Amino acid sequence: MPSTMTRIAVLVPDPAETAYPELWPKVLARLQRALDDVGIEMVPTPWTAHVDDATKLHEYARVLPLLAWGYHHDHSRWLRACDTWLRGGVAMANPARVLAWNSDKRYLLELAARGIAIAPTICSDDITRDVIEHAFAETGADELIVKPAVSGGAWKTQRLKRGDAVEPSSGMTMLIQPYLPTIESEGETSLLYFGGRLSHAVNKRPPIGEFRVQEQFGGLYRVLPEPPAGALALAEQVLAAINEPLLYARIDMVPDADGQWLLMEAELIEPDFYLGVDPAQGDGFAQALCRDIRKAKKGESPMCHGR
């Protein structure tokens, strides 16, 4: 480990959140191991400590929101924080404007307007029986996925069959999409990019009887020797459509019944990098972060996709 360490801040959950205190330190330790050999020290600080005053964040070479879990529970405060960081000129990676934009899944509709293939998506501020019946008729699907536009970790995500009881909701924007059975047969494929360069590809499958692929629901992960050509093409298209200087990105995709790859999410805030199955054990992330910090010290523009 180098004798002189470059300090960066990692935003962690609000201390008032009761679901995360035992988990995030373990993830931080795994991230830190990837950075030990390049002389970077990660300093945890709650994102909620910097909502209205970014002064202390200027002490760090970079500020990464990689563990800012739970921001969706207070989205208005998250947006206020992003604005504070943007106006304060904080060295955020990814940029604060991206962190605000990416925190509302309606960004998928913006990307669709730029030519990105996504599942048919309906937005509604009220979930009622009539709204769900209309969505079944509109999509022709046998099952639907209903999830909040602002969420994380499959929070409040429902899977509905025709005739299922509907849990009404109002005042929360929801996305309604057809359920894709290929999530069970083919799984979800994630491509990890660091500094615009592909690092690794991971296939995630839900356990039998489940549709969610997150680890807490028993998702099974395996690294792919090579990403499927269609998934790679879509991921590159997504990054080009976003057109922002991204230190990291995880592009989640699923093929439909016809084999067309569809974007499920572009994770640009606090994605799991799946370093546990990364053959390079996070070296791609470490090198991208080093390049970014070096460029900033030389007064150059930050890295962009494709460089």
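Counted residue by residue at 0.36 nm each, then reduced by the alpha carbon distance between them, the extension gain from GLU110 to ARG197 reaches 29.0 nm. Counting every C-alpha pair in the range 1-95, the share spaced more than 21 angstrom apart comes to 32%.
When THR48, THR18 are arranged by Cβ crowding within 10 Å, least crowded first, meaning fewest neighbours, the order is THR18, THR48. In the range 6-103, taking the dipole from charged Cβ atoms about the Cα centre, the farthest positive-side position among ALA81, ALA54, SER103 is held by SER103. Can you give the FRET efficiency to the nearest 0.05 for ASP164 and GLU186, using r as the Cβ-Cβ distance and R₀ = 22 Å? In this case the efficiency is close to 0.35.
In the chain, the longest principal axis of the Cα atoms and the axis of helix 129-139 are about 90 degrees apart. Modelled spin-label separation between ALA19 and LYS295, with each label point placed 7 Å from Cα along the Cα-to-Cβ direction: 3.4 nm. The equivalent ellipsoid of the range 122-178 has semi-axes of 17, 12, 10 Å, largest first, where each one is the square root of 5 times an eigenvalue of the Cα gyration tensor. Can you tell me the orientation of helix 229-242 relative to the chain, as the angle in degrees between its alpha-carbon axis and the longest Cα principal axis, to the nearest 10? Relative to the chain, helix 229-242 is tipped by roughly 70 degrees. Each of MET174, GLY152, ILE132 was placed along the dipole of the range 122-178 (beta-carbon charges, centred on the mean Cα), and the one lying farthest toward the positive end is GLY152. On the basis of the beta-carbon distance and an R0 of 22 Å, ARG97 and HIS75 show a calculated FRET efficiency of 0.90. Over the chain, Cα pairs under 8 Å with separation of 6+ residues give a relative contact order of 17 percent. The angle between the Cα long axis of helix 283-297 and the main principal axis of the chain comes to about 60°, on a 0 to 90 degree scale. Pairs from the table (LYS26/LYS105; LYS56/LYS298; LYS56/LYS204; LYS105/LYS297; LYS26/LYS56) lying more than 32 angstrom apart at Cα are LYS56/LYS204; LYS105/LYS297. Post the alpha-carbon centroid distance, the range 88-141 to the range 17-46, in whole angstrom. About 30 Å separates the Cα centre of the range 88-141 from the one of the range 17-46.
Ordering MET42, SER190, PRO15 by Cα displacement along the dipole of the chain toward the positive end leaves MET42 in first place; charges were set at the Cβ atoms of Lys, Arg (+1) and Asp, Glu (-1). Protection proxy ranking for 185-196, 24-35, using the average of other Cβ atoms within 10 Å per residue and placing the highest first: 185-196, 24-35. Between ASP142 and ILE118, full extension at 0.36 nm per residue minus the direct alpha carbon distance yields a gain of 6.8 nm. With semi-axes defined as the square roots of five times the eigenvalues of the C-alpha gyration tensor, the equivalent ellipsoid of the chain measures 33, 22, 18 Å, largest first.
Here, each number is a calculation from the coordinates, and none is a lab measurement. All values reported here derive from a predicted model rather than from experimental measurement. Cβ atoms come from the backbone with ideal geometry, glycine included; neighbour counts cover every protein chain shown.
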